[in-house]
1. Could you please find all residues in the range A:62-109 being away from chain B (no Cβ under 13 Å) and either charged (D, E, K, R) or open to solvent by 40 Å² or more (accessible area, probe 1.4 Å) (or both)?
2. Mind listing just one residue for me: the one in the range B:173-184 that is more than 7 Å from chain A (Cβ to nearest Cβ), open to solvent by 20 Å² or more (accessible area, probe 1.4 Å) and part of a helix (DSSP H, G or I) and, of those, farthest from residue B:85 (Cα to Cα)?
3. Taking the condition within 25 Å of residue B:39 (Cα to Cα) and not in a helix (DSSP H, G or I), does residue B:167 pass?
4. Mind telling me which of the residues B:23, B:42, B:6, B:36 ends up being closer than 24 Å to residue B:163 by Cα, touching a residue at least 24 places away in the same chain (Cβ under 8 Å) and in contact with a helix residue (DSSP H, G or I) (Cβ under 7 Å, 6 or more places away or on another chain)?
5. If residue B:99 meets every condition in (1) out of contact with any Lys or Arg (no Cβ under 7 Å at 6 or more places or on another chain); (2) crowded, with 16+ Cβ neighbours inside 10 Å; (3) assigned to a helix (DSSP H, G or I) apart from one, which number is that one?
6. Collect the residues in the range A:156-178 that are open to solvent by 20 Å² or more (accessible area, probe 1.4 Å) and more than 10 Å from every other protein chain (Cβ to nearest Cβ), keeping them in residue-number order.
7. Filter the range B:69-80 down to residues that are within 7 Å of chain A (Cβ to nearest Cβ) and crowded, with 24+ Cβ neighbours inside 10 Å, then give me how many there are.
Amino acid sequence: MQALGLEVLFKGTNFIRLLGGLGVALKISLLAVLISIPAGILLGTLMTASNPVIRAILRLYLEVMRIMPQLVLLFLVFFGTTRALGWDLSGETSALIVFSLWGTAEMSDLVRGAIISIPKHQYESAAALCLTLPQTYYHIIFPQALRRLLPLSINLITRMIKTTSLILMIGVVEVIKVSQQIIEANRMSSPNAAFGVYLTVLLLYFAACFPISMLARFLEKRAEI
Amino acid sequence: MDVSVLTEYLPLYKEAALLTVKLGLLGILFATVLGLVCAAVLYFKIPVLKAIVKIYIELSRNTPLLIQLFFIYYGLPKIGIRTSPEVCGVAGLAFLGGSYMAEAFRSGLEAIPLIQEESALSLGMTRFQTIRYIILPQAVSVSVPALVANVIFLLKETSVFSAVSLMDLMFTAKDLIGLYYDTTEALFLLVVFYLIILLPVGILGTILEKRARYAGFGA
């Protein structure tokens, strides 16, 4: 135990503090997902609209969010907008803004893909049955698209959790920051703490993401049938 | 925006971009090799190795690169495995990318119906010939879109390298903001340099995807 530095975890409230640190990241990802999913469904549906201006604008938004590393987006909001607009943003707020924008873009592309996968005759048949456009979407298109969409959007949650680990880089006190504090505080008594603590953090992230990935895979298998 | 500041910063960013590209490409190369090996192990169902590969894929896909890098760079030296920041970055990227590449290759191999293999064998082709001339050409063309997406994903992931004190683009930008407070210029160059790196790869990928689609069967 001494050699691997695992004993540090059982000292005082260290393990609880680590979990609290992970909680900060999880809270931000959960909030961002809660914003992204409805916004993504709205934008994704609009992306299938016939108006070329709307489509072009949404496409541009998606590509910008996609091509930039999420860390660059974080820097732009955290350092860039605060300087340019003179407001004061905490790390958590900038993270929430960035991950909601990014998540919305990713989600909208998933929704768009699910909607265009519905064959054209479904729309035509609905129109032939005198359903209005909202009725067509509500009763015909969305229920079918949802089947394909569900596993993909659950996958988005794990991607969100993994991506929110970046908030460390804009100075939010999360699980790595807490780890560093614990390792520093126990430098003398357990010099090997870094191994045990970082391994634990790695496994904590795994414990958070793995069940969600499994759920996504299960739903994916079911959607194929 | 101050143009003189931009020209002053330019050489720093150029150097940082070269480092990002160099380490990114090395990491992607190793990730591809690792992915190929893992996909082969899964495809041929090699007993013990198969279980190890499966555990590795789950572990690597369900943890963020940033945490993997922290573990490799700060954790592993405590049990005697010491790495330089460069080696750590490449190793981390290969560890993360290996599983994504393996999944891409696997999905390609799985897309080939069994009848293709059976027909080849019944025509008297050896096992090796079947894989070389029948399975691989079809599997690769199915895998291409996923592989391209992985390359872009991994290049973007290199942005966390600054966490292990590599002087990459993010590190340079943060450093300059801290030193001189020319936030707008520093961030502008950051975005421009990432676009220079990522846009050509994205465009090349789209072209490649279109060409590879011709090789698909039944489509």
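1. Once the filter is applied, which keeps residues that are away from chain B (no Cβ under 13 Å) and either charged (D, E, K, R) or open to solvent by 40 Å² or more (accessible area, probe 1.4 Å) (or both), the range A:62-109 yields A:87, A:88, A:90, A:92, A:93, A:96, A:97, A:101.
2. Filtering first and then ranking leaves B:180.
3. Values: within 25 Å of residue B:39 (Cα to Cα): no; not in a helix (DSSP H, G or I): yes.
In short, no.
4. Testing whether each residue is closer than 24 Å to residue B:163 by Cα, touching a residue at least 24 places away in the same chain (Cβ under 8 Å) and in contact with a helix residue (DSSP H, G or I) (Cβ under 7 Å, 6 or more places away or on another chain) leaves just B:23.
5. (1) is the only condition that residue B:99 fails.
6. The answer is A:157, A:171, A:173, A:177.
7. Qualifying residue count for the region: 2.
Condition check ((1) of a type in the set (Val, Ile, Thr); (2) under 19 Å from residue A:170 (Cβ atoms); (3) without any contact (Cβ under 8 Å) to a residue 24 or more places away in the chain) across all residues:
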| residue | (1), (2), (3) |
| --- | --- |
| B:129 | no, no, yes |
| B:136 | no, no, yes |
| B:148 | yes, no, no |
| B:157 | no, yes, no |
| B:163 | no, yes, no |
| B:166 | no, yes, no |
| B:174 | no, yes, yes |
| B:177 | yes, yes, yes |
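The values are calculated or read from the model by the stated rules, or taken from the named source; none is laboratory data. These numbers were taken from a predicted model, which means no experiment stands behind them. Ideal geometry is used to build each Cβ from the backbone, glycine not excepted, and the neighbour counts take in all protein chains shown. In case anyone asks, the SASA skips ligands and DNA or RNA and just uses the protein heavy atoms, side chains included. Shrake-Rupley method; radii C 1.70, N 1.55, O 1.52, S 1.80 Å.
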